[in-house]
Amino acid sequence: MNTLWTLLQDPNMQWILISCTLLGLSSGIIGCFSYLRKQSLMGDTLAHAALPGICIAFMLTGTKSILYFLIGAGIAGVAATFGIGWITRHSRVKHDAAMGIVLSSFFGLGIVLLTIVQHGGYGNQAGLDKFLFGQAASMVGSDVLTLSIVSLLLVSVCYLLFKQFKLVSFDPGFAKGLGYPVAILEQLLMFLMVVAVVVGIQAVGVILVASLIITPAVSSRYWTDRLGVMVVVSGIFGALSGATGAIVSSTGASLPTGPLTVLAATLLFVVSLLIGTKRGLLVRRLAQQRMKRRLGYGFEEQAATASVDDRINKEAAL
Amino acid sequence: MSSAKVQSEASVMERGDVVSPLTVSGLSAAYQKKPVLRGVTFTVTEGELIGVIGPNGAGKSTMMKAALGLIPRLGGEVLVYGKPYKQQRKLVGYVPQRESVDWDFPTNALDVVMMGRYGHLGLFGRPGAKERAIAMECLAKVGMADFAARQISQLSGGQQQRVFLARALAQDASLYFMDEPFAGVDAATEKAIITLLQELKQQGKTVIVVHHDLATVEEYFDSVLLLNVELVAYGPTKDVFTQELLQHTYGGRLAFLERNSLAKTDNKKG
């Protein structure tokens, strides 16, 4: 514990810890909406599509700045979504397959560009390959500032437009009927996801960043039936995962932060799946047993199941 | 009630003629270049229950969605109380098909009904005590007050349909579009829905309903709109809901209907 305390006093460590926590928080919040809009895999596509965007941004500007990377990744993400849309519209290829094609081809292009950057005459290219798995340890004060601004922006937009995002996620047709600019709101949600992905890449890397968008959101659903609560819980889960990743990586035998963060998020998911208060396996099992007892089938399980089946069959027959 | 409605009523009195709640002219729509709705024109009378009848793929839902601007129109004009729909949104309520949303969404019945008030809130406005009270009232009207806090996936199909109706009531509109509200509900819910529709009618509201059960058309609706890509006929139920026009609407697929529900019609006429 003492070593942990000493570690936390190191300003370098503080930056990393804050960055990872903010990152987890932002991805957790925006992830809820993409999960509920059945666009979880879109995060993965956007992340993989971001790689060539980041490489091109670096080739054009020669600097490693989050802002340029954001622009590059954003453009690449838009190109990828258009690509998916184009394929599904003009062929009989289904959405998931189109996503697979676009995701892998963008990623392939990204790897090629990455190799060119590393072997070409670009100065200051060191660390660009870290985008594959992320490198939280390289975070510095200016990164923390950028991340804080980005997270604040993301959280405030989600807070202010909560009712719009909620309605667009639940019933876009009705939202449109009310006169909501549904297409713009959907684009905004997509943009926020691109932002979360791009800043997340810094710490977790292109390959794993999608898990920060998906896993906290899925986990939080096990604890609540209210969207507002779900968003908050998901943000906390994301933040916890980020912080855990940062701390464990600094104490352990130089283990990478990104993969540790993802593992922490997965652990939270397993816990939620088992003991989540709304839909956890334990709660469901208990509810089932309570129901059985109420129907008077508590003791002879086999007989109970049989007679329940009988009942169901009879009801079906009616 | 919204000021726009009051205004339109005022102008009716001034001019002495009647402004229809809904005037649709030349409405056309297409999916993937295949026309599913062609040149539909009609004018509805205020305070009526109107049934939209036609075979599968006739464009009934499409007509509603095109009129509401939910899907792009190829052409045509839609006037609500004499003005373009975009200016009159608050006067229009909509009940989509129940299957159009994911009922596993993390929300409860009361919350869904409060969504009906969102159109009355500003950009950053949040629903408060007033919206909550209105939503509770609307839930009570559809007999769902006891289920306000229930997670929506734990409601039966009929209860979900009632929640959607309560949400439309919360919109406090004058003209309602309902896309198959009777689909897959039990007899009790069907009764509750039709009672509610009649109440709306008594309040002078106009309700347009996509309907499938030909056996109940005469009982439920004042006017009928027969649709099969093009408008086949529109008018009072007794004039339009005839074997000849239905035959025309459904083509050869009407064989069994002749023996069933239409027998009634002919008997009455005979």
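FYI, it's all coordinate maths here, none of it is from the lab. Given the structure is predicted, the values throughout are model-derived calculations rather than measurements. Glycine gets a Cβ as well: all are built from the backbone with ideal geometry, and neighbour counts include every protein chain shown.
Here are some notes:
- Database remark: amide H of residue A:224 closer than 5 angstrom to the amide H of A:278 (H placed geometrically; neighbours at sequence offset of 5 or more, or on other chains; Pro and chain starts carry no H).
- Computed over the alpha-carbon atoms, chain A gives an Rg to Rh ratio of 1.07, Rh here being the Kirkwood radius from the mean inverse distance.
- Note, ³J(HN,Hα) from phi for region A:265-282, Karplus 6.51, -1.76, 1.60, rounded to Hz, x at Gly and Pro: 4, 5, 4, 4, 5, 4, 4, 4, 4, 7, 10, x, 6, 9, 9, x, 4, 4
- Spin-label zone in region B:173-215 - amide nitrogen under 15 Å from a point set 7 Å from the Cα of residue B:19 along the C-beta vector: B:174-175
- Peptide A:165-176 is shielded by partner chain Cβ atoms: per residue, an average of 6 of them sit within 10 Å of its Cβ.
- The alpha carbon convex hull volume per residue for region A:1-90 rounds to 125 Å³.
- A cut-off of 5 Å between modelled amide H atoms, ignoring neighbours fewer than 5 places along the same chain, links residue B:176 with B:93, B:206, B:207, B:208.
- Burial ordering of B:248, A:48, fewest other beta-carbon atoms within 10 Å first: B:248, A:48
- Amide H partners (placed H, <5 Å) of residue B:52, local residues excluded: B:209, B:210, B:211, B:225
- Percent of Cα-Cα distances greater than 16 Å, calculated over region B:89-178: 49 percent
- Cα long-axis angle, helix A:227-251 against chain A (0 to 90 degrees, to the nearest 10): 50 degrees
- By other beta-carbon atoms within 10 Å, ranking B:43, A:45 with the fewest at the front produces B:43, A:45.
- Beta bridges per DSSP, both residues in chain B: antiparallel share near 55 percent.
- In terms of distances greater than 30 angstrom between alpha carbons, the cross-link table entries A:38/B:130; A:166/B:60; A:176/B:201; A:94/B:83 yield A:38/B:130; A:94/B:83.
- Between helix A:301-317 and chain A: long-axis angle, C-alpha atoms, 0 to 90°, nearest 10: 90 degrees
- Within 10 Å of each Cβ in A:241-248, the average number of Cβ atoms from other chains: 0
- Between residue B:137 and residue A:287, the modelled labels are 3.3 nm apart [label points 7 Å from Cα along Cα→Cβ].
- Computed across region B:3-269, the Kirkwood hydrodynamic radius from all distinct Cα-Cα pairs reaches 19.4 Å.
- Sorted fewest first by neighbouring Cβ atoms within 10 angstrom, A:201, A:71 come out as A:71, A:201.
- If you plug the beta carbon distance of residue B:238 and residue B:145 into 1/(1 + (r/R0)^6) with R0 = 45 Å, you get a FRET efficiency near 0.75.
- Rounded to the nearest 0.05, the FRET efficiency derived from the C-beta distance between residue A:119 and residue A:270 at R0 = 45 Å is 0.60.
- Computed over chain A: relative contact order in percent, which uses C-alpha pairs under 8 Å that are six or more apart: 28 percent
- At 0.692 mPa s and 37 °C, Stokes D of region A:99-188 from Kirkwood alpha-carbon radius, µm² per second: 192 µm²/s
- Point-to-point label distance, residue B:156-residue B:41, nm (Cα→Cβ direction, 7 Å offset): 4.7 nm
- Across chain B, C-alpha contacts under 8 Å between residues 6 or more apart give a mean separation that, scaled by the residue count, equals a relative contact order of 24 percent.
- Ranked by the mean number of other Cβ atoms within 10 Å of their residues, highest first, the peptides A:215-226, B:70-81, B:194-205, B:49-60 come out as A:215-226, B:49-60, B:70-81, B:194-205.
- Backbone HN-Hα couplings from phi across region B:41-48 [Karplus 6.51/-1.76/1.60, Hz, Gly and Pro as x]: 10, 6, 10, 8, 9, 5, x, 10
- Residue (of A:161, A:36, A:212) at the positive-pole extreme of the protein assembly as shown, dipole from beta-carbon charges: A:212
- Peptide B:116-124 has a mean shielding of 4, counted as Cβ atoms of other protein chains within 10 Å of each residue's Cβ.
- Under 17 Å from a label point set 7 Å out along the Cα-to-Cβ vector of residue A:8, the amide N atoms of region A:218-258 belong to A:239-252.
- Integer Hz, Karplus 6.51/-1.76/1.60 couplings in order for region A:185-199, x for Gly and Pro: 5, 5, 4, 5, 4, 4, 4, 4, 5, 4, 4, 4, 5, 5, 6
- DSSP beta bridges in the protein assembly as shown [antiparallel fraction, %, rounded to 5]: 55 percent
- Across region A:172-266, Cα pairs under 8 Å and at least six residues apart give a relative contact order of 25 percent.
- Calculated FRET value between residue B:230 and residue A:38, using beta carbons and R₀ = 35 Å, to 0.05: 0.45
- Rg followed by Dmax, in Å, when the protein assembly as shown is reduced to its Cα trace: 28.6, 97
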